């Protein structure tokens, strides 16, 4: 039986989110975070991912290349997590976007413990395409040792064994049916909204407004969608990529002269316009389709959406 939180405890941590974007990774969670935080009735945590509900009370200690990053920004203490909401004023919808929550079994139970009435938003992407985007993301960040996607897939079990962080789990993160089942078992279906990456691609304004209705705020809002954040890809020009992503003297000189928001926008434009996406090999695609077939059918039944295109070669 799930442990509950007493009324006295609830008063102690009164400022908590009332909605969460729980995943999936590389499926548009960053975009939803960026677009929703523009809404005047929404407060999103300053840290896009805190991992609190996945790692509460734990020591975060992973061993993969660059895994010190997740260790530096993950919040594992309740009081520290509450600090993410200290700037809340009169916003109606308080939220966080953190894709580890869909993947880690512990997260659903921890969410239920602390915020049982929260609204949960899930956005899913074809797991084959998601896995490849995940790979390209780590290639982009100079963390992925393999240039060949199939080699990285074949190395996944060994990486998990050696305690590389969950973002290296290209295959495992895509088993949505199994992951969603955990949420449907302990939350009412009325608390869960499942969207598809295709919705974000094809009708982004309608999707955002639908989410606004779900979290009970003004649904006439239209966000600025000029830039799609956190895109994956391989740098076309390595010199430009290095300049944008690594510390250098020129950026240090410009920092006091330009606002943080302006610098952020310029950095993203240079970074993402310099990316290209080489096609996935047919071998890798067929390999992943075969792995995911059963789970895709399970997911399709859970969310009552046609996912048959995900199984097309």
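The values are calculated or read from the model by the stated rules, or taken from the named source; none is laboratory data. All values reported here derive from a predicted model rather than from experimental measurement. FYI the Cβ positions are ideal-geometry reconstructions off the backbone, even for glycines, and counts take in every protein chain you see.
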(Q) It is to be established whether one or more residues within the range 186-201 are under 30 Å from residue 15 (Cβ atoms), in a loop (DSSP other than H, G, I, E, B) and in contact with a helix residue (DSSP H, G or I) (Cβ under 8 Å, 6 or more places away or on another chain). (A) yes
Q. Here are some conditions: (1) modelled with pLDDT under 95; (2) within 30 Å of residue 304 (Cβ to Cβ). Residue 253 meets all but one. Which one does it not meet?
A. (2)
Q) Is it the case that some residue within the range 99-116 is out of contact with any helix residue (DSSP H, G or I) (no Cβ under 8 Å at 6 or more places or on another chain) and buried (at least 20 other Cβ atoms within 10 Å of the Cβ)? A) yes
